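Novice: I have a structure here, written as structure tokens, and I will follow up with some questions on it.
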Amino acid sequence: MGQLVIKQIENIYYPILAIVGLPANLVTIIILSRGKCGLSKCITRYLVAMAAADLMVLINEVILYEINDAYFQNSFLNYTPICSLNLTLCYSFIDCSVWLTVAFTFDRFIAICNQTLRTKYCTEQTAAVVIAVVCFFSVLENVPIYFVFEPREIIDNVPWFCHVKSSFYTSPLWLAYLWLETILTPFAPFVLIVLLNALTIRHIVLANRVRRGLQANNNLQNHTDPEMENRRKSIILLFTLSYNLILLWMVSFIVFICVQFTDTQFMKANYKDSFTIAEQSGYMLRCLSSCTNTFIYAVSQSKFREELKNVIRHPLAFITNLIKKVK
């Protein structure tokens, strides 16, 4: 019964996620790229890159892997070399999405806490370089993943599906790589996000006390402070993005830790096993993190919300204007 329930949930969940997530990320990329959301070019670069990485996660993991595995088992995508390549790309895009969130968090930390470095670091050019470096190392780090898998079945001398090699859990080299992977994603990002946010909060609290003191001395208590308002909006966006990632990754993080310290293994394909159910639940929540940012922007950013409303109300006019702009 456990097998049927989790499989039924997955078979419904992933198609819905693709139907919602793909257009959400595409619209996010288009809206942000137009530069009419009141965000700096530096912030826009990071948010567009994050949306693009999330879009690729949805395409590779949700559509080409999960949906394909559920509905098109005779597809050429299940041929072991192609399956291994797709999983390698999946992990690369997942790492890219996570570390771009860390990069964005660090950028906002510098922008808020270090006014001297801000003018040099928080620029569109620096953002482009950081994004390129993150993407390059995300791919490089996951190249060994391709060699982790072996065929689950061999039919007419043709290898099908992907199964983790047993040597992956016994070979010292693979064990070291597994530890490295766990540290790099998700342990290190979690620690960095929490640490940077804590330092940012501390700086803002201290800075706000000073500004309130100056306002009190100048009898400006009732006046709106643009600087404090901008900080408030930045913090809302930063915290919702970063802690949304941590929350939706938490089950997968626990699964990673269990694999490190127990005899459990990834991708057992035994849906009666409680660990496998937890593992698959973690994957579902992790994939969900790839389509929630659009809704975060819509809730926290009024100008993005207005642009989104225009797209929903007048989609043809929006597409026409976009085509004219491209031409």
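Novice: Do we find that Asp107 is charged (D, E, K, R) and under 26 Å from Phe161 (Cα atoms) in this structure?
Specialist: For Asp107, the condition - charged (D, E, K, R) and under 26 Å from Phe161 (Cα atoms) - is not met.
Novice: Can you go through Ser252, Ser274, Ser290, Ser281 and tell me which one is at pLDDT below 90 and either out of contact with any helix residue (DSSP H, G or I) (no Cβ under 6 Å at 6 or more places or on another chain) or under 22 Å from Val57 (Cα atoms) (or both)?
Specialist: Ser274
Rundown of residues vs (1) closer than 26 Å to Tyr121 by Cα; (2) open to solvent by 20 Å² or more (accessible area, probe 1.4 Å), yes/no style:
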position: Tyr71; (1), (2): no, yes
position: Pro81; (1), (2): no, yes
position: Ser84; (1), (2): no, no
position: Tyr91; (1), (2): no, yes
position: Leu100; (1), (2): yes, no
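Novice: Testing Met267 on (1) open to solvent by less than 40 Å² (accessible area, probe 1.4 Å); (2) over 22 Å from Asn11 (Cα atoms), one condition comes back false. Which one is that?
Specialist: (2) is the only condition that Met267 fails.
Novice: Another question, if that's okay. Could you grab me the full set of residues in region 293-327 that are among the charged types (D, E, K, R) and at pLDDT below 80?
Specialist: Listed by number, the residues that qualify are Lys324, Lys325, Lys327.
Novice: Between a residue in region 253-279 that is assigned to a loop (DSSP other than H, G, I, E, B) and any residue that is polar (S, T, N, Q), which pairs come within a Cβ distance under 6 Å, given they are 6 or more apart or on different chains?
Specialist: Lys268/Thr276; Asn270/Thr276; Tyr271/Gln3; Lys272/Gln3
The values are calculated or read from the model by the stated rules, or taken from the named source; none is laboratory data. Since the structure is predicted, the reported quantities are computational estimates derived from the model, not experimental observations. Every residue, glycine as well, gets a Cβ built from its backbone with ideal geometry; the counts of neighbours run over all protein chains shown. Protein only, heavy atoms only, side chains kept; ligands, DNA and RNA dropped before computing areas. Shrake-Rupley method; radii C 1.70, N 1.55, O 1.52, S 1.80 Å.
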